[in-house]
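Encoded as structure tokens, the structure appears first; notes follow it.
FYI, it's all coordinate maths here, none of it is from the lab. None of these values were measured; they are calculated from a predicted model. Neighbour counts run over all protein chains shown; Cβ positions are idealised from the backbone, glycine included.
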Amino acid sequence: MSSPLISAAELASSLGRVIVLDVRYRMGGPPGREEYAAGHISGAAYVDLDTDLADAPAEPVDDRGRHPLPDPDVFVAAMQRAGVHTDLPVVVYDDWQGRAASRAWWLLRHYGHRDVRVLDGGWGAWVAAGGDVETGEPATLRGDFHGTPGSMPVVDADGLLAVDVVVDARAPERHRGEVEPVDPVAGHVPGAVNVDTGRNLAQDGRFRDATELRTLYAGVGVTPGGNVAAYCGSGVTATHDILAMEVAGTRAALFPASWSGWVADPAREVERG
């Protein structure tokens, strides 16, 4: 695998030899199953972010955050239902410019799958390219995926402050603490820099190339091989920044609890501005 991204044209030429997962999802919106049933890439299986790629959060939210990492047995079972095999390439896509698909990409990589890619431009790019589309919910043959977590770097709240560069993937106004539409406290982790996920993308909604992404992240102090971690609101869209940094040649850790988990402890410091 040379890149964590795949183009619509590359995927079209690979159908039948790869496992395709539809991870359509919007933060705060309904699950994407209805959109999947109305039309999806031929042969794709639907994966629900809230139930397959995350555990249910505590009420009130605790230090695991709003989208805790899934229980390993639940995740592995979900991937098996979706037809994932350990030794077959996987392509994931969404209609949110890769923000949900990146979570599936990260989890599969975290569980040891060696060949996972995100469809660059997602569902929109596939449709624009005239790719094969099918409707309904076709039966999926069960896969043999049996990975265990531990292949991607993870950092907890205590370890986060020891990281050289902490990247906040949220919108700039949330990072600055001017607004907070979801979590009870506004602001950011002390010392964190901001690269909101939209900056990873070109005007056509696809990821910027590796050179542009290296320049973007170098501007906030990220260097290839550096000690870097990323977070967002709940641990979902931070994987978009992690994917972008992977394209740029940097392996970044995920802080899974993200801002929602950070502020669950009122003793933790908050920075604004």
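Data overview
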{"read-out": "For residue 201, residues with placed amide H under 5 Å, excluding near neighbours", "value": "208"}
{"read-out": "At R0 = 41 Å, FRET efficiency that the Cβ-Cβ distance of residue 12 and residue 154 yields, to 0.05", "value": "0.75"}
{"read-out": "Protection proxy ranking, peptides 213-219, 129-135, average beta carbon neighbours within 10 Å, highest first", "value": "213-219, 129-135"}
{"read-out": "For 27, 245, order by how many other beta-carbon atoms lie within 10 Å, fewest first", "value": "27, 245"}
{"read-out": "Extended-chain gain in nm, criterion 0.36 nm per residue less alpha-carbon gap, residue 140 and residue 81", "value": "20.5 nm"}
{"read-out": "Charge dipole (the stretch 5-134, unit charges on Cβ, about Cα centre) - positive-most of 61, 93, 78", "value": "93"}
{"read-out": "At R0 = 35 Å, FRET efficiency that the Cβ-Cβ distance of residue 193 and residue 62 yields, to 0.05", "value": "0.85"}
{"read-out": "From phi via Karplus (6.51, -1.76, 1.60), per-residue ³J(HN,Hα) for the stretch 250-257 in Hz, x at Gly/Pro", "value": "10, 8, 9, 7, 9, 9, x, 5"}
{"read-out": "Cα centroid of the stretch 63-128 to Cα centroid of the stretch 141-180, whole Å", "value": "15 Å"}
{"read-out": "Sequence-distant residues sharing a close amide H with residue 92 (under 5 Å, placed H)", "value": "21, 117, 118, 119"}
{"read-out": "Beta bridges per DSSP with both ends in the stretch 5-134, % antiparallel, nearest 5", "value": "15 percent"}
{"read-out": "Furthest towards positive pole of dipole, 110, 7, 143, structure part the chain, Cβ charges", "value": "7"}
{"read-out": "Distant-in-sequence amide H partners of residue 133 (H built 1.01 Å from N, under 5 Å)", "value": "42"}
{"read-out": "Lys, Arg +1 and Asp, Glu -1 on Cβ, resulting dipole of the stretch 50-105 about Cα centre, debye, nearest 20", "value": "200 debye"}
{"read-out": "Net dipole in debye of the stretch 157-262 [+1 Lys, Arg Cβ; -1 Asp, Glu Cβ; about Cα centre; nearest 20]", "value": "180 debye"}
{"read-out": "Karplus 3J(HN,Hα) series, Hz, for the stretch 112-124 with 6.51 cos²θ - 1.76 cosθ + 1.60 (x for Gly, Pro)", "value": "x, 5, 8, 9, 10, 9, 9, 5, 5, x, x, 4, x"}
{"read-out": "Charge dipole magnitude, Cβ of K and R +1, D and E -1 - the chain, Cα centre, debye nearest 20", "value": "540 debye"}
{"read-out": "Percent antiparallel among DSSP beta bridges (both partners in the stretch 157-262, rounded to 5)", "value": "10 percent"}
{"read-out": "Dipole-positive endmost among 185, 167, 205 within the stretch 160-207 (Cβ charges, Cα centre)", "value": "205"}
{"read-out": "Modelled FRET efficiency - R0 25 Å, residue 129 with residue 38, Cβ distances, 0.05 increments", "value": "0.85"}
{"read-out": "Anisotropy class of the stretch 15-96 from Cα gyration tensor, a/c 1.5 cut", "value": "oblate"}
{"read-out": "Cα shape, the stretch 157-262, gyration tensor, a/c 1.5 rule", "value": "oblate"}
{"read-out": "Candidates 250, 237, 140: whichever shows maximal mean-square fluctuation once the chain is modelled as a Gaussian network with Cα springs under 10 Å", "value": "140"}
